[in-house]
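The values are calculated or read from the model by the stated rules, or taken from the named source; none is laboratory data. Please read these numbers as outputs of a predicted model, since none were measured by experiment. Here the Cβ positions follow ideal geometry from the backbone for every residue, glycine too, while neighbour counts run over all protein chains shown. Quick note on the areas: whole protein, heavy atoms, side chains included, nothing else; ligands and nucleic acids left out. Shrake-Rupley method; radii C 1.70, N 1.55, O 1.52, S 1.80 Å.
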Amino acid sequence: MTDKTMTPEDVVARLRSGMTLGIGGWGSRRKPMALVRALLRSDVTDLTVVSYGGPDVGLLAAAGKIRRLVTAFVTLDSIPLEPHFRAARQEGSFELSEVDEAMFMWGLQAAANRLPFLPVRAGLGSDVMRVNPELKTVTSPYEDGETFVAMPALRMDAALAHVNRADRLGNGQYLGPDPYFDDLFCEAADSAYVSCEELVADFGTAAPQSLLIKRHAVTGVVATPHGAHFTSCVPDYDRDEAFQKLYATTPWPEFAARFLHGDEKSYQSAVQTWHEESA
């Protein structure tokens, strides 16, 4: 057995410019934000980002880290469209490949199973095929002869995810209402790094279905209490709606200067100070 514990800085030191990077979570829910913030402090750039996008995409887009984005949406949930993503996209700062949510999921499934593609019905008869001319269709070899979209595998060099609990071996447990496909992100990547609210020695009598992330797919584990902030990490904490609104309405240079000038401890302290001043 191997102790896979790392720091956020250890994880980022293993990333390289030009990589394809997957980021787990969903919109503004259980995103590995501490790892994303560590990535912001690095010189890693020119990334292809694969994500059910939220503020992870917004932060990396505003910082000029993204070359290409593969996504089904980029949202803050309570704020429908991520504003920093929108600004960067309107400026033409990066390429965008936007597909249906189900197509995205099957792309992860294909990559996790080391398949070049999987046939899906989603996308047929929609503008998804028009705006993604590289997508191709396949015909069933059986009697039905049905036509499907051949959704290519979303293979990644590395993936980041955040869970409620993890052990030092790389097993991860989610306690909220949804796994958000974090297991597929880990299995679809060459290396995967999982941050967690708490490191545990064992999972006791935990329901097996909550132990979704398995150690064989995980390269490193990072203990980052409140590391999904300002996204939610239910049941440990809900989304910080007040701070998310601040993020969405503050010009990027001002937000970055106030909250992203130091390490993760500095960020958490700056957030606490802002809340106290706003009370």
Principal axis box of segment 85-166, alpha-carbon based, largest edge first, Å: 45, 39, 20
How many angstrom lie between the C-alpha centres of segment 146-171 and segment 19-52? 13 Å
Alpha carbon centroid spacing (whole Å) that separates segment 225-273 from segment 114-134: 36 Å
Coarse-grained scattering of segment 1-140 at q = 0.11, 0.15, 0.19 Å⁻¹, given as base-10 log I(q)/I(0) from a Debye sum over alpha-carbon atoms: -0.45, -0.80, -1.19
So, for the chain, what is the accessible surface per residue at a probe of 1.4 Å, expressed in square angstrom? 45 Å²
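Percent of Cα-Cα pairs more than 26 Å apart in the chain, please.
Here the long-distance tail beyond 26 Å is 41 percent of all Cα pairs in the chain.
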Diffing segment 162-175: the Karplus 3J(HN,Hα) column from phi (6.51, -1.76, 1.60, θ = phi - 60°), in whole Hz with x for Gly and Pro, holds 10, 10, 6, 9, 8, 10, 6, 8, x, 6, x, 10, 9, 10
Relative intensity, log₁₀ I(q)/I(0), of segment 12-60 from a Debye sum that treats every alpha carbon as a point, q = 0.13, 0.27, 0.28 Å⁻¹: -0.25, -1.09, -1.16
Cα extents of segment 110-246 per principal axis, largest first, Å, are 52, 38, 27
Using a 1.4 Å probe on the protein heavy atoms, what percent of the accessible area of the chain belongs to carbon and sulfur? 51 percent
Comparing 229, 162, 261 in a Gaussian network model of the chain (Cα, 10 Å), the one with the largest mean-square fluctuation is 261
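Could you calculate the contour length gain from residue 129 to residue 265, that is, 0.36 nm times the residue separation minus the distance between their Cα atoms, to one decimal place in nm? Before the final figure, lay out the partial values.
On the way: separation 136, 0.36 × 136 = 48.96 nm, distance 4.47 nm.
Result for the pair: 44.5 nm of gain on full extension.
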Translational diffusion coefficient, Stokes-Einstein: compute it for segment 179-264 using the Kirkwood radius over C-alpha pairs as Rh, at 37 °C and 0.692 mPa s, and state it as an integer in µm² s⁻¹. 214 µm²/s
Full-stretch length increase - residue 45, residue 279 - with 0.36 nm per residue and alpha-carbon distance subtracted: 80.5 nm
In whole Å, what are the Cα extents of segment 154-225 along the three principal axes, biggest one first? 33, 21, 21
Put +1 on the Cβ of each Lys and Arg and -1 on the Cβ of each Asp and Glu in the chain; which of 129, 74, 177 then has its Cα farthest toward the positive end of the dipole? 129
If you average 1/r over every pair of different alpha-carbon atoms in segment 79-126 and take one over that average, what Kirkwood value in Å do you get? 12.9 Å
